[in-house]
Ligand SMILES: C[S@@+](CC[C@H](N)C(=O)[O-])C[C@H]1O[C@@H](n2cnc3c(N)ncnc32)[C@H](O)[C@@H]1O
């Protein structure tokens, strides 16, 4: 059973027939991968109700007969009938499975509303018992290590930033520039990086924010440098966690750019979607970032290939 086979929008019994895998194997997969099946089931019901409304162009209040037809209780029907886009589906582990189509691959993903949940999941699923990354390439203010349930230790001796002087822990943070971008020094088993995500023109309010760069090209350049460092410092089968914005220029998503930078050296293991419930107005879509920051960002998890592709 692989992530590719799991179908979040299909009931388990149907999924079993569809993909030719036993129901018990699917249930085991759900448990091991901490997939929030309760959230998935809620979305299946919501889809059913929305499809029904759309097909029947039904605007009146729902009836008990419709509930029977859809195989759910009247209260459940009412709940999803009146579901607004701002309503949230209750999730069991605070994360839910979904497909992100047209991104790096049609990988199964987890949706969460906070960084802690995502880091915790990455830790459980991919960190092989380690309690810290070997290196953080963009330490910044160190918020990854300050969450409410934070369990991750900051990697002593492995803290880097482009601007170490701006980091509160200045003396422990080293300049990113000491890491190689063109020769190999394979010393890390696990690396995390959280490059700047937003565009803000120089001279405008907020342009001194460490999460802002001046143009889409500058953001791509930052990703290119970080990718080169990962390629040259992470050992075979090591883990690389990279955050990315839901950012596009006119015809390309930054995820495609990232793929072009690293696919020869890394394979994608997972994509986590961080949903931002409160997007500040200043980063709402603009002419320069037309589809820009769509109230979510990504935590991409990669594994270093044994050998580069094509070697
Ligand atoms: C989103 S913040 C990192 C937040 C960090 N995870 C934290 O918890 O505070 C982006 C970081 O990238 C660094 N940075 C700025 N420009 C960069 C560039 N061109 N290349 C790489 N890193 C850059 C910033 O100094 C900042 O620490």
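The values are calculated or read from the model by the stated rules, or taken from the named source; none is laboratory data. What you are looking at is a predicted structure, and each value in this text was computed from that prediction instead of being measured. With ideal geometry, Cβ positions are generated from the backbone for all residues, glycine too; neighbour counts draw on all protein chains shown.
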Practice prompt. Among the residues of region 224-261, write down those that are part of a strand (DSSP E or B) and either within 22 Å of residue 307 (Cβ to Cβ) or within 12 Å of the ligand (Cβ to nearest atom) (or both).
Written response: 234, 235, 236, 237, 238, 239, 240, 241, 242, 243, 244, 245
Discussion item. For the list (1) part of a loop (DSSP other than H, G, I, E, B); (2) within 13 Å of the ligand (Cβ to nearest atom); (3) touching a residue at least 12 places away in the same chain (Cβ under 8 Å), I need the number of the one condition that residue 201 fails.
Written reply: (2)
Discussion item. Against the definition (under 16 Å from residue 261 (Cβ atoms) and more than 15 Å from the ligand (Cβ to nearest atom)), how does residue 218 come out, yes or no?
Written reply: no
Worksheet item: Which of the residues spanning region 186-214 are closer than 22 Å to residue 296 by Cβ and at pLDDT below 95?
Response: 196, 197, 198, 199, 200, 206, 209, 210, 211, 212, 213
Worksheet item: Going by the structure shown, is residue 129 farther than 30 Å from residue 47 by Cα, modelled with pLDDT under 75 and more than 16 Å from the ligand (Cβ to nearest atom)?
Response: yes
Practice prompt. Within region 161-175, count every residue that is within 11 Å of the ligand (Cβ to nearest atom) and either within 18 Å of residue 144 (Cα to Cα) or assigned to a loop (DSSP other than H, G, I, E, B) (or both).
Written response: 9
Discussion item. Restricting to region 143-160, give me the number of residues that are closer than 22 Å to residue 226 by Cα and either modelled with pLDDT under 90 or in a helix (DSSP H, G or I) (or both).
Written reply: 8
